[in-house]
Amino acid sequence: MNFLSYSIYKQNTMKKIFTLIFSLILIANFALANSSCLTCNEPSNVIANNSDSLGLKAIGNTSQGIDFVNFEYGPKGFAIGSGTNVTFDFIPSGGGFNGFYYTDVLICNGSGYDPYTYEVYGRYICSSGDTSSWTINEFTVAPNYSNFTEVLDINNITATFAPDGSLFQKKDQGSAGYQINNGPSTIYAANLWFGGTDSNNQLKLAGQTYGMGTNDSTLYGEFYPGPIGSCDSASQNNYNRLWKITQTQIDEFNVWYQCGVTPGCTQDPNYVVPEVITSWPGNGYQPCGHNQFIAPFNDTDFDGIYEPGDGETPCIKGDMALFNVYNDKGLHANSGGDPLNIEVRAMHYAFNSNTDSILNNTIFSDYAIINNGPQNLSNFKIGIWEDMDIGCPEDDYVGTDVSRGLIYTYNADAVDDAGCAGASPFGANPPAQGMVILNGILMDDDGVDNPLTSDVNIAYAQNGIPYDSTGCGYGDAVVDNERIGMSTSVYYDRTLPSSIYGDPQVAQDYYNYMNGIWRDGTNFVYGGSGNSSDPNASNIPTNFCFPGDSDPLNWGTASAGGGSTVPFTNWSESSPSGSGSTPNNMGDRRVMAAIGPTTLNPFMGNLDNVKEFSIAHITAFPNSTNSSVDVLKSYTDHVKSLYGCDNNGMYGNCTSQIASNESPNIDKTN
């Protein structure tokens with residue numbers, strides 16, 4: 001090999017050596033860099049808990065050397081760097097309670113229907129100085145339930161209402177919420193029950209008594225604020241209230257608005273439009289699947305849109321009204337029942353009259369029920385449950401007025417002073433408290449005008465009624481306009497054997513009470529305590545407990561298939577087994593009246609499938625010649641003469657519709 005060839009060979013060899021060394025260096029550096037990334041592994045999962053305050057948790061790969069845990073969160077889709085960034089010292093055993101690192105903030109719901117889904121990113125900052133990759137997860141901001149209530153307080157009654165449909169209970173105080181003349185109360189709590197069976201004869205039921213609790217996490221457990229839709233968290237937050245308005249506010253707004261559109265008229269510069277007028281929920285949020293119409297309003301241009309800026313106003317009854325809407329889609333933690341997927345709209349109202357003292361002791365409630373589920377609900381019944389306590393709770397009796405469609409509670413003696421347990425007593429001459437069904441739900445069509453007849457056997461055989469105040473539209477020569485009034489009444493008491501007369505524990509208990517069946521599975525019977533285990537009771541089935549002298553035709557037993565003959569008359573708490581018998585022990589009673597049965601068909605855009613009914617609560621004090629119960633019955637006659645069989649419901653006097661004829665989406669989820 002000559003010198004030139006050797007030189008070239010040497011150069012090539014050296015190049016190969018240098019190339020090899022350089023490659024090895026690159027490989028080593030790459031391996032070092034790669035191993036550096038792997039010295040700080042990311043969390044396998046991140047979780048957020050937005051309850052009392054926002055808690056953040058990183059899970060997995062915690063055995064490596066970690067100094068800090070870093071999170072960033074914001075609305076779904078936010079860009080890293082634009083969210084809220086928080087860093088915590090790493091704690092090997094985890095953060096605070098259940099391993100969460102708690103911030104000092106609580107994510108509150110936005111306004112309107114902004115996204116309620118958030119994202120959280122989490123990563124580790126390791127002892128090596130390296131930082132892991134981000135791990136991402138989503139979390140939903142649930143409604144921040146406040147213990148929101150509103151009062152109807154335009155006359156002698158101050159009544160408390162809650163957004164989930166609960167009536168007359170101050171949950172935050174654990175006290176009664178139906179006060180008379182700002183003094184003692186006559187009702188501790190009340191609520192509605194709904195039950196029916198699907199095509200497979202499976203019971204669907206929603207029933208609540210006292211609600212779930214007083215704090216944010218347990219406030220609602222059977223019914224939920226808002227209409228049913230595809231964004232329930234947002235709906236529950238936006239509808240977690242009652243809209244309280246007076247007719248005076250509406251009238252004043254009308255005057256102010258009309259002045260603004262009248263040439264030469266100068267509007268009052270100090271007038272402020274009430275918030276309730278601007279926020280009135282006349283229309284649902286249709287992107288969420290709500291119906292176009294929710295609360296009734298005066299639709300002056302008939303375009304179906306609530307426009308207070310164009311002078312449109314809420315449409316109410318009475319001198320003051322409260323409106324709310326709620327549903328039963330969700331966990332039924334009170335009854336354990338399967339949801340019916342119903343939407344309930346309620347308007348509670350009252351009058352302040354200068355001429356009618358009876359109206360000043362009465363409040364009214366109109367309801368509309370919409371089945372947003374996919375199935376027909378047969379044998380559908382509505383129960384109005386009441387824990388009426390006349391001042392002190394331990395010294396009361398209850399009764400049913402069959403001919404008037406009335407249930408009531410009254411003091412067992414002339415002085416209300418026993419078993420007060422912290423409640424304010426009325427003392428001498430306490431009142432009676434009643435709930436009357438003014439207008440029941442439409443009966444299923446049968447192609448006939450069902451009779452109003454004094455022959456109870458004919459009434460029973462032909463789906464009629466014997467008393468004109470126990471239903472509407474019977475015997476009026478109009479086919480298929482009949483509205484079923486009270487079909488069952490029951491009482492129970494927490495001091496009586498709970499296996500028979502106790503609080504309902506499961507869904508079937510609620511439904512059984514609405515159908516005249518005790519908790520032990522036996523039918524209500526006439527006499528004594530109403531249960532066949534009582535030796536003073538008969539074996540004759542009945543639908544009404546303690547009717548007194550209100551059922552001379554014995555419709556209670558006839559309507560239960562027990563015939564029209566009873567062993568004695570005037571079955572009441574004071575004479576449970578006939579005239580001269582030993583009165584019942586007074587106690588802490590609950591009462592319930594049921595309406596139905598009918599079929600609740602899926603709405604599917606058919607306005608005829610919306611079921612409406614109306615009730616009233618009436619308070620009556622005794623006078624010099626009549627007992628409180630007798631005065632209550634005369635008051636009931638007066639109220640029914642004015643408002644009984646009011647087929648207009650809460651929407652009938654308004655130009656907005658009860659609902660649009662569009663079919664909502666079904667089986668929606670959050």
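Each distinct pair of alpha carbons in the range 558-670 adds a 1/r term; the inverse of their mean, the Kirkwood radius, is 19.5 Å. Taking the helices alone, the chain has a mean residue ellipticity at 222 nm of -4500 deg cm²/dmol, built from -39,500 (n - 2.57) per DSSP H run of at least 4 residues and averaged over all its residues. On the chain, 50 percent of the accessible area sits on carbon and sulfur atoms, based on a 1.4 Å probe.
In terms of the mean number of neighbouring beta-carbon atoms within 10 Å, the peptides 175-187, 125-137 order highest first as 175-187, 125-137. Taking the longest Cα principal axis of the chain as reference, the axis of helix 247-260 is set at about 60 degrees.
Would you mind getting the accessible area per residue of the range 531-660, heavy atoms of the protein chains only, 1.4 Å probe, in Å²?
Working: 5050 Å² over 130 residues.
The answer is 39 Å² per residue.
Modelled label positions at Asp338 and Asn354, each set 7 Å beyond Cα in the direction of Cβ, lie 5.8 nm from each other.
Gain in length, Ser564 to Thr495, computed as 0.36 nm per residue apart minus the alpha-carbon separation, to one decimal in nm?
Numbers: separation 69, 0.36 × 69 = 24.84 nm, distance 3.21 nm.
Fully extending the segment from Ser564 to Thr495 adds 21.6 nm.
Order the peptides 579-589, 324-334, 306-316 from the highest to the lowest mean number of other Cβ atoms within 10 Å of their residues. Provide the component values of the computation, followed by the final result.
Values: 579-589: 15.5, 324-334: 22.3, 306-316: 19.6.
The peptides rank, most packed first, as 324-334, 306-316, 579-589.
Using Cα atoms only, what is the angle between the long axis of helix 3-37 and the major principal axis of the chain, expressed in degrees (0 to 90) to the nearest 10? Taking the Cα atoms of the chain, the angle to 3-37 is about 20 degrees.
Note on the range 421-528: Cα-Cα pairs beyond 19 Å make up 61% of the total pair count.
Counting only alpha carbon atoms, the long axis of helix 628-643 and the longest principal axis of the chain meet at about 70°. Among Ser235, Ser559, the order of accessible area from largest down is Ser559, Ser235, computed with a 1.4 Å probe on protein heavy atoms.
Protection proxy ranking, highest mean first, for peptides 624-636, 189-201: 189-201, 624-636, where packing is the per-residue count of other beta-carbon atoms within 10 Å, averaged.
Here the chain is treated as a sphere whose radius is the Kirkwood value from Cα pairs; by Stokes-Einstein at 20 °C and 1.002 mPa s it diffuses with a coefficient of 75 µm²/s. Among the protein heavy atoms, those of Asp89 account for about 100 Å² of accessible surface (1.4 Å probe, every chain in place).
Note on exposure: Thr470, Thr140 ranked by accessible area (1.4 Å probe, complete protein assembly) read Thr140, Thr470, with the most exposed listed first. Kirkwood radius and radius of gyration were both taken over the C-alpha atoms of the range 129-206, and their ratio Rg/Rh is 1.34.
Give me the extension gain from Ser581 to Glu252: residue separation times 0.36 nm, minus the current Cα-Cα distance, reported in nm with one decimal. Each step should come with its number before you reach the end.
Details: separation 329, 0.36 × 329 = 118.44 nm, distance 5.98 nm.
That works out to 112.5 nm of additional length.
Report, in listed order, any pair from Lys76/Lys329; Lys76/Lys244; Lys170/Lys317 with a Cα-Cα distance greater than 28 Å. In this structure, Lys76/Lys244 exceed 28 Å between Cα atoms. The equivalent ellipsoid of the range 514-567 has semi-axes of 17, 12, 10 Å, largest first, where each one is the square root of 5 times an eigenvalue of the Cα gyration tensor.
The values are calculated or read from the model by the stated rules, or taken from the named source; none is laboratory data. All values derive from a computational prediction rather than experimental measurement. Note that we place each Cβ from the backbone using ideal geometry, even for glycine, and neighbour counts take in every protein chain shown. Remember, those area values only see protein heavy atoms, side chains included, never the ligands or the DNA or RNA. Shrake-Rupley method; radii C 1.70, N 1.55, O 1.52, S 1.80 Å.
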